[in-house]
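Heads up, the thing below is written out as structure tokens.
The values are calculated or read from the model by the stated rules, or taken from the named source; none is laboratory data. Model, not experiment: these values are computed from the prediction. We place every Cβ from the backbone using ideal geometry, glycine too, and count neighbours over all the protein chains shown. What goes into the accessible areas is simple: the full protein's heavy atoms, side chains included, and nothing from ligands, DNA or RNA. Shrake-Rupley method; radii C 1.70, N 1.55, O 1.52, S 1.80 Å.
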Amino acid sequence: MAVEIKRQSPISFPGNPLKTELRGHWTVMQEYEAKGDAPRVIDLSHRIRWDLQDSDIARHRPGGVSIPDTPGRCVFENGVLINRMNRTQASIWHLSGEDLSIPDDPAFTDVTDATVFLALLGKEIFSITEKLTTLDFFDPLKEAPFLLQGPFSHVPCQMVILGNTPEKSAILFTCSRGYAQDMIAAVLEAGAEFELHPAGENAFSDWVNK
Amino acid sequence: MALTLTCPVCGKRNGYEFRYGGEEKGPRPDEAGITPRSWCEYVHMNQCVAGIQKEWWCHKDGCGVWFTTHRDTTCNLEVDKPEAQS
């Protein structure tokens, strides 16, 4: 008897999406009602994420991309975002949406189902984040994209700043799956005064393609 | 609590992001011929310095790195390169 697999995002947004798609056993929210230039929060939990740990981490080239030398640096190539976390560890996020198979190497772990993955887009997102964390998203010594690791709404997170200019403001972040619903509640409450609203995956793809 | 610590990866951060790992006691003693008493002293006995001591910390809410730093225990402030000052 065939077993039907269903993969469930750890969060649910208020309201109904305009368009969804069943992909890789996930129900992907593709579109919500558009609300102008107001900041948006997007659930990307279905996008594949790997953790890489190795004492000789430089020997790996996931997706044909070299891992950055310095912790805190990120590289985005071929639709793959690689974030160097510390001397021995990096996280690999597949932003293109391609369903890549994980390398046959014990250094790699698929953490897609272990974490929540969110995007914040819009020029006022940093007014929202400053209500939830003391992390410095405008460190002049760092050039986007860069990685910050620290508490966001008191939860340890990995946060990648894809852009921190008014024209191009975007943050991606992950935390443990168990915090997901409380995390999204905190983000939506902090963003209420800026009309933060849910958006679908298409909004993120459009932003990346720009 | 005013303690801030300087993570070698993430830079200066709030002390609440870190986990204390104890005094720096030097390398683990050679297990060949070690007595229960000397092992117990290595594991459990501390100097409890009133002043600057070298100690281990883990950036548990950040990058997860273990590192050593110097802290003045009388004022609970991180001290920058005390060897260079002495």
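The set of residues from the stretch A:144-168 being touching a strand residue (DSSP E or B) at 6+ places or on another chain (Cβ under 9 Å), away from chain B (no Cβ under 14 Å) and either over 18 Å from A:Ala90 (Cα atoms) or among the aromatic types (Phe, Trp, Tyr) (or both) comprises A:Gly163, A:Asn164, A:Lys168.
Here A:Trp50 meets each of (1) surrounded by fewer than 19 Cβ atoms within 10 Å (Cβ to Cβ); (2) at pLDDT 95 or above with one exception, condition (1).
Counting the residues of the stretch A:56-82 that are open to solvent by less than 20 Å² (accessible area, probe 1.4 Å), of a type outside the set (A, V, I, L, M, F, W, C) and away from chain B (no Cβ under 14 Å) gives 3. If I filter the stretch A:89-106 for residues that are without any contact (Cβ under 8 Å) to a residue 40 or more places away in the chain, assigned to a loop (DSSP other than H, G, I, E, B) and open to solvent by less than 10 Å² (accessible area, probe 1.4 Å), do I get at least one hit? Within the stretch A:89-106, not a single residue is without any contact (Cβ under 8 Å) to a residue 40 or more places away in the chain, assigned to a loop (DSSP other than H, G, I, E, B) and open to solvent by less than 10 Å² (accessible area, probe 1.4 Å). Looking only at residues in the stretch A:107-119 that are open to solvent by less than 40 Å² (accessible area, probe 1.4 Å) and without any contact (Cβ under 8 Å) to a residue 60 or more places away in the chain, the one that is farthest from the chain's Cα centre (by Cα) is A:Ala107. For the subset of the stretch A:8-42 comprising residues that are touching a Phe, Trp or Tyr at 6+ places or on another chain (Cβ under 9 Å) and open to solvent by 70 Å² or more (accessible area, probe 1.4 Å), which member is nearest to A:Leu118 (Cα to Cα)? Going through the qualifying residues, I end up with A:Gln8. A residue that is among the aromatic types (Phe, Trp, Tyr) and over 16 Å from the mean Cα position of the chain (by Cα) occurs somewhere in the stretch B:30-53.
When you check B:His44 against the structure, is it touching an Asp or Glu at 6+ places or on another chain (Cβ under 8 Å) and over 26 Å from A:Arg73 (Cβ atoms), yes or no? No.
Pairing each residue of the stretch B:58-77 that is within 10 Å of another protein chain (Cβ to nearest Cβ) and within 16 Å of A:Leu148 (Cα to Cα) with any residue that is open to solvent by 20 Å² or more (accessible area, probe 1.4 Å) and of a type in the set (A, V, I, L, M), provided the two are 6+ apart or on different chains, yields C-beta distances under 6 Å for B:His59/B:Val65; B:Cys63/B:Val9; B:Val65/B:Val9. Here A:Gly36 does not qualify as more than 12 Å from A:Ala199 (Cα to Cα) and not charged (D, E, K, R).
Checked against the criterion of being in contact (Cβ under 8 Å) with a residue 40 or more places away in the chain and of a type in the set (Ser, Thr, Tyr), the stretch A:37-48 contains one or more residues that satisfy it.
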